[in-house]
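Just below is one structure, and these are the notes that go with it.
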Amino acid sequence: MPNIIDVTNLTKRFGDFTAVDSISFSVERGEIFAFLGPNGAGKSTTIKMLITLLKPTGGHASVDGIDVGTHPGDVRNVIGYVPQSISVDGTLTAYENLMLMARLYEVPRSERKQRVQEVLDFLNLQEHAKSLVRTFSGGMIRKMEIGQAMLHRPRVLFLDEPTTGLDPVARQNVWQHLLELRKSFGVSIFFSTHYMEEAESAADRVAIMNQGKLAVIGTAGELKVKTGKPGASLEDAFIYFTGNQLETAGNFREIRRARRTEGRLG
Ligand SMILES: Nc1ncnc2c1ncn2[C@@H]1O[C@H](COP(=O)(O)OP(=O)(O)OP(=O)(O)O)[C@@H](O)[C@H]1O
Ligand SMILES: [Mg+2]
């Protein structure tokens, strides 16, 4: 069995600007893999190439052994994607949103209702099935988006900052479900985050991107050791490998995002 993700010299240029600069790495089957890096490091751009939304300028990537450049349609069948921005329709109920996505993902008509029910059960959203999604909390919306992405039973889930802007309880709840997803279905999980503690607690391995390059990859423990500082935290490793202070302005960014979320669903 091939790795769930194989990336070789993957590159994305926008005009003269190189957003992703010849990165190479692999993710093993069943692994939970965290993608860290400052704003603009190239995390979302990498994810978009892996899920076939952006065409690489150079290099290769395969998901579940399928080349993203030559067989994008086949790749889409085996992946689920939770984007950085909102991907639910606030004017529809939870049930309606999921049914819509089941159609989009080409779940056979005869199986749709049962799949949607399964997802609602799995996420503990049964009681809210008939509520408009615009009445949901940020955590419930995120769960809905994860639900949408798993309707067609993908082998790997890509989540771009799945917990940004969520309160600690909602974040924990989202992670509880993601871990359960791997345990029950063996789904591999590739996610980006700005939360160090989340990468440390959930991920088997961590990659840190900086200015389009892969600065380092390994377990959180290995990254800490590589800083050469006894007692280093993952945050210390992040700063060491990116030369970046973790933004104290991060709160502003989250608030702005949370507001945008409300506005879009309002
Ligand atoms: N379509 C585009 N056209 C031009 N430049 C782009 C485009 N998409 C992304 N970029 C640039 O590529 C760089 C990497 O962006 P990307 O969204 O991948 O970063 P990121 O690591 O996901 O950052 P964040 O943590 O803020 O989400 C940024 O400088 C961004 O401005
Ligand atoms: Mg991003």
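The values are calculated or read from the model by the stated rules, or taken from the named source; none is laboratory data. All values reported here derive from a predicted model rather than from experimental measurement. No Cβ is skipped: glycine too gets one built from the backbone with ideal geometry, and neighbour counts run over all protein chains shown. Surface accessibility is based on the protein's heavy atoms, side chains included, excluding ligands, DNA and RNA. Shrake-Rupley method; radii C 1.70, N 1.55, O 1.52, S 1.80 Å.
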Zone residues, region 125-158, relative to ASP89, backbone N less than 16 Å from point 7 Å out along Cα-to-Cβ: 130-135, 145, 148-149
Span from the region 128-186 Cα centroid across to the region 10-71 one, whole angstrom: 23 Å
Proximal lysines relative to LYS113, as straight alpha-carbon distance under 28 Å, when same-chain residues fewer than 8 apart are discounted: LYS130, LYS143, LYS183
Tensor-based shape of region 82-130 (alpha-carbon gyration tensor, a/c under 1.5 rounded, otherwise prolate or oblate): oblate
Net charge dipole size for the chain [Lys, Arg +1 and Asp, Glu -1 on Cβ; Debye, nearest 20]: 540 debye
Heavy atoms of ASP236 accessible to a 1.4 Å probe, total area in Å² rounded to 10: 60 Å²
Cα gyration tensor shape of region 1-107, rounded if a/c is under 1.5, else prolate or oblate by comparing a/b with b/c: prolate
Gain on full stretching of the segment that runs from ASP121 to ARG153 - 0.36 nm per residue minus C-alpha separation: 10.0 nm
The chain, helix-only ellipticity at 222 nm - DSSP H runs n ≥ 4, -39,500 (n - 2.57), divided by all residues, nearest 500: -12500 deg cm²/dmol
Surface accessible to a 1.4 Å probe, per residue, for the residues of region 88-163, Å²: 47 Å²
Where labels lie 7 Å past Cα in the beta-carbon direction, separation of LEU53 and GLU235 in nm: 3.0 nm
Surface share of carbon and sulfur [accessible, 1.4 angstrom probe, percent] for the chain: 49 percent
Whole-number percent relative contact order across region 1-116, with pairs defined as alpha carbons under 8 Å at least 6 apart: 23 percent
Candidate lysines for bridging to LYS12, where Cα separation is under 19 Å - those fewer than 8 sequence places away on the same chain excluded: LYS43, LYS48, LYS55, LYS213
At R0 = 22 Å, FRET efficiency that the Cβ-Cβ distance of GLU180 and SER26 yields, to 0.05: 0.35
Normalised contact order of the chain, rounded percent, pairs of Cα under 8 Å and 6 or more residues apart: 24 percent
Most fluctuating residue given options ARG29, ARG103, ARG155, as computed from a GNM of the chain linking Cα atoms under 10 Å: ARG103
Rounded FRET efficiency, nearest 0.05, which uses the C-beta distance separating ASP167 from ARG103 and R0 of 35 Å: 0.60
Of all DSSP beta bridges in the chain, antiparallel share, percent nearest 5: 55 percent
Cα gyration tensor shape for region 101-254, rounded if a/c is under 1.5, else prolate or oblate: prolate
Furthest towards positive pole of dipole, GLY147, VAL20, TYR240, structure part the chain, Cβ charges: GLY147
